[in-house]
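Report on the structure given below.
What follows draws every value from the coordinates through simple rules; no lab data is involved. Worth saying up front: this structure is predicted, and the values here are computed from it rather than measured. Every residue, glycine as well, gets a Cβ built from its backbone with ideal geometry; the counts of neighbours run over all protein chains shown.
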Amino acid sequence: MKQIVVHQEKCTACRECELACSFSHEGSFLPALSRIRIADFYEAQFYQPMVCVHCADAPCAAVCPTVAIQRQADGQISIIEDRCIGCKMCLLACPFGVMSFSPEKGVAQNCDLCNGDPQCVQFCTPGALEFADIIEASALAKQKAAAALGLPHA
Amino acid sequence: MATQYVLIGNSAASLAAIDGIRKHDKQGAITLINREQGSAYSRVALPYYVAGEMTLDELLIRQQPDYGKIGVTLVENENAVAIHPATKQVELESGKKVSYDKLLIGTGSETIVPPIQGLDQVPHHYLWTLADAIGMKQATNTAKTAVVIGGGFIGMLAAEALRKLKIKLTIVEMAPILLPQLLDEGAGQLFLQAVRDEGVTVRTGALVAALAKKNDAIEVTLKNGDTFSVDMAVVATGVRPNVRCLQNGAVSMNKGILVNEFLQTNHPDIYAAGDVAETKDFLSDGRSIYAIWPTAIDQGRAAGANMAGKQQPYPGSLGMNVVELFNVTLAQLGRFREGAGDDVKMLSSGKDGLYRKVVVDQHGTLVGAVYLGDENGVAEMGVIHSAIRRREKWQGFQDGRPPKFSYGAVMQAAPRY
Ligand SMILES: Cc1cc2nc3c(=O)[nH]c(=O)nc-3n(C[C@H](O)[C@H](O)[C@H](O)COP(=O)(O)OP(=O)(O)OC[C@H]3O[C@@H](n4cnc5c(N)ncnc54)[C@H](O)[C@@H]3O)c2cc1C
Ligand code: SF4
Ligand code: SF4
């Protein structure tokens, strides 16, 4: 499946992605409503773009008490807004803190890949974000990071 | 021959167990026994139905054809009354007997009836089943005032639903704060104030001694002698494991059904999961029952996989809650009230309505957190949640920034679809 691949070392925390996301989805430049977030550790000069990875065994979908989170045929994890009651269990379940919540609509929101043309990728000038087939693009990075943490990388 | 799976209950634990079984066994016959009628509904959504925000149809989390499609036979309106491990049979109230190769008990919780004088003589409402919610909703058509007895999780959900319907509320809670199972003293005081600011009368440190019918109203008498009248009474003084079908001593029990790390009871072919099961705890050496949706899902999935012949250990239960009440979002994880030897990291102290506290144990390992604030802060609790599950050490924090765990690296390592 094509996904947003993150090249962490290229991120400068310019936050153009946050603006592009909130503008294209919510019509306003509000980073708080962005579905992609930069975790910044300024003192270490370490910036990590955080965005839904459409987990293989998605904890958010497993826990949703109204079956509002479902996997689409293309593999994407989507929220059926009509089914969402706004309980926020998915926010508590997402290990990456990338499930966000719209106070206005009262529903959870995650990265919907902008129908195949992610705006964050378009606006990421340093090239830290790429829209690519996830298996090929990140297998190596994944394995390295997992090994460093002693985590399995199935 | 194909395995005969029998599951008692049609809610979180059993539905997750079906997923667990079907992941590994596509052939076995699954029979689901439920004392209620119809396909599964979401208990968590019931308060939204009471508040008039959802219809009965919208509460459903399965449709009738969903069961057949994956080879599940739904036996509705049948109460399991006994289990006979010697003959491997479940006895139903109608007298029928259902044979099993592997059995799951997922009978959940039942509400506790408190010792209140006159309770059985006045109309009152619980909030656990769909029938309860329908009854409560009907009562709200005419009620202008209500008492909520018990300011715990379910009591506060009921209160929130009634508030949305503009019913004037009095909440009576034994503890000094509301939601004592979810909030520490600091967050509890902030929340108490937020509820009172909405015009709700909250009587903390108080007990209801008696209820009595007085004309069309209900007279409430507190233990200290105070009285007041309301149109409607909601009772939410807690739940306990529903072990009614196990009165014959067929399986070992403490408060709930005792299971090992594979969710097996003392009979290897009988499993238990969800609110009814007393399982391994994640943070302590003991066993626990949290009676929450996420643990029912986790246990159900693991039980299902094990019933299908896998060896999938259950890592243990971790208490967690998240809820939005009276325009405040609250969340809790693990050991949120510090014990001896624990250390507390205050990330936000309650100023401007934001309270974030993390608890670490004597080795510096994250064990719990409490959050009070707006909706989006819960995402950070999700990160802390996974860090607690990985038994990560606390690594410092800068004000206004997310806690620093190795989650960037974890993200790179995540198994993706
Ligand atoms: C109003 C409300 C709001 C809630 N909100 C939250 C929340 O926000 N977050 C959270 O984590 N948790 C919440 N919970 C708790 C959560 O719903 C439960 O923890 C969860 O449903 C437990 O699932 P379970 O499958 O173990 O049991 P249950 O959901 O209790 O289901 C038990 C099933 O067994 C059936 N059954 C019982 N006995 C028999 C018998 N003898 N024979 C046949 N069938 C039987 C019942 O009909 C039912 O289908 C809420 C609960 C309520 C009532
Ligand atoms: S929201 Fe979080 S848990 Fe859900 S699929 Fe995306 S990364 Fe995974
Ligand atoms: S907030 Fe919505 S999508 Fe998330 S778990 Fe609750 S109902 Fe499901």
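A few comments on the model shown:
- Oblate is the label for chain A. Its Cα gyration tensor axes, ordered a ≥ b ≥ c, give a/c of at least 1.5 and b/c at or above a/b.
- Each stretch of four or more DSSP H residues adds -39500 (n - 2.57); spread over every residue of chain A, this sum gives -7500 deg cm²/dmol at 222 nm.
- Look at the stretch B:381-387: the mean tally of other chain Cβ atoms within 10 Å of its residues' Cβ atoms is 6.
- When the Cα gyration tensor is reduced to axis lengths a ≥ b ≥ c, the ratio a/c is 1.5 or higher for chain B, and with a/b not above b/c it is classed as oblate.
- Subset of B:K351/B:K393; B:K144/B:K214; A:K88/B:K393; B:K255/B:K280; B:K144/B:K213 violating a 19 Å alpha-carbon distance limit: B:K351/B:K393; A:K88/B:K393
- Mean partner shielding of peptide A:62-73, defined as the number of other chain Cβ atoms within 10 Å of each residue Cβ, is 4.
- Comparing A:I134, A:I79, A:I69 in a Gaussian network model of chain A where C-alpha atoms under 10 Å apart are linked, the largest mean-square fluctuation is found at A:I134.
- Given +1 at the Cβ of Lys and Arg, -1 at the Cβ of Asp and Glu and no other charges, the dipole of segment B:320-389 around its Cα centre is 140 debye to the nearest 20.
- Positive-end extreme of charge dipole, the protein assembly as shown - chosen from A:A61, B:I292, A:A73 (charges on Cβ): B:I292
- Residue-averaged beta-carbon neighbours from other chains (10 angstrom radius) around A:94-106: 6
- Annotation: aspartates and glutamates with alpha-carbon distance below 16 angstrom to B:K26 (same-chain offsets under eight excluded): B:D66, B:D101.
- Cysteines having no other Cys beta carbon under 4.7 Å from their own, within chain A: A:C11, A:C14, A:C21, A:C55, A:C64, A:C84, A:C87, A:C94, A:C114, A:C124
- Long-range amide H partners of B:I289 with built H, under 5 Å: none
- Top of B:F228, B:F153, B:F282 by mean-square fluctuation, Gaussian network on chain B, Cα under 10 Å: B:F228
- Backbone N within segment B:226-246 under 18 Å of label point (7 Å from B:A86 Cα along the Cβ vector): B:246
- Rounded, prolate or oblate (a/c below 1.5 giving rounded, otherwise prolate when a/b exceeds b/c) for the protein assembly as shown by Cα gyration tensor: oblate
- For the protein assembly as shown, the dipole from Cβ point charges (+1 on Lys and Arg, -1 on Asp and Glu) about the Cα centre works out to 740 debye, to the nearest 20.
- Label-to-label distance, B:Q395 versus B:T55, with points set 7 angstrom from Cα along the beta-carbon direction: 5.0 nm.
- Proximity of backbone amide H atoms, modeled 1.01 Å from N, is registered between B:L207 and B:K223, B:N224 at under 5 Å, excluding neighbours fewer than 5 places apart on the same chain.
- Under 5 Å, built H, 5+ apart or other chain: amide partners of A:V5: A:E130, A:F131, A:A132
- Protection-proxy order for peptides B:367-375, B:287-295, B:123-131, each taking the mean of Cβ atoms within 10 Å per residue, highest first: B:367-375, B:287-295, B:123-131
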